[in-house]
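The values are calculated or read from the model by the stated rules, or taken from the named source; none is laboratory data. Since this is a predicted model, take the numbers as computed values, not measurements. Positions of Cβ are generated from backbone atoms using ideal geometry, with glycine treated the same way; all protein chains shown enter the neighbour counts. Surface accessibility is based on the protein's heavy atoms, side chains included, excluding ligands, DNA and RNA. Shrake-Rupley method; radii C 1.70, N 1.55, O 1.52, S 1.80 Å.
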Amino acid sequence: MTNTIELHRKKAGLTQTELAKSVGWNQARVSNYERSDRKPDVDDARLIVRAFLAHGVHLTLDQLFPPAVA
């Protein structure tokens, strides 16, 4: 699963720590997701989308985690 967390986070002017605090995680977890060292499950992916929405960044789950092209 490729993601665009870092792209959207930087566009929003957020640090990894700020995004992490928005969902109750530590900075390392966001870093691991951005580098694709870890893959978020669906519930965690939704939490990330909600955190962006709370910061005024309007995007969908598919924008944050684009579906694989067949």
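Could you check residue 40 against (1) farther than 22 Å from residue 68 by Cα; (2) surrounded by 18 or more Cβ atoms within 10 Å (Cβ to Cβ) and say which number it fails?
(1)
Quick one: in the stretch 13-24, of everything that is under 12 Å from the mean Cα position of the chain (by Cα) and part of a loop (DSSP other than H, G, I, E, B), which residue is surrounded by the fewest Cβ atoms within 10 Å (Cβ to Cβ)?
Restricting to residues being under 12 Å from the mean Cα position of the chain (by Cα) and part of a loop (DSSP other than H, G, I, E, B), the top hit is 15.
Criterion first (open to solvent by 30 Å² or more (accessible area, probe 1.4 Å) and charged (D, E, K, R)) does residue 9 satisfy it?
No.
Return yes when residue 4 is more than 11 Å from the chain's Cα centre (by Cα) and open to solvent by less than 70 Å² (accessible area, probe 1.4 Å) and no when it is not.
In short, no.
So residue 67 ticks every box in (1) assigned to a helix (DSSP H, G or I); (2) without any contact (Cβ under 8 Å) to a residue 40 or more places away in the chain but one. Which box is left unticked?
(1)
I'm trying to understand the selection: among the residues of the stretch 25-36, which are modelled with pLDDT of 95 or more and either loosely packed, with under 15 Cβ neighbours inside 10 Å or farther than 18 Å from residue 59 by Cα (or both)?
Residues satisfying the conditions are 25, 26, 27, 28, 29, 31, 32.
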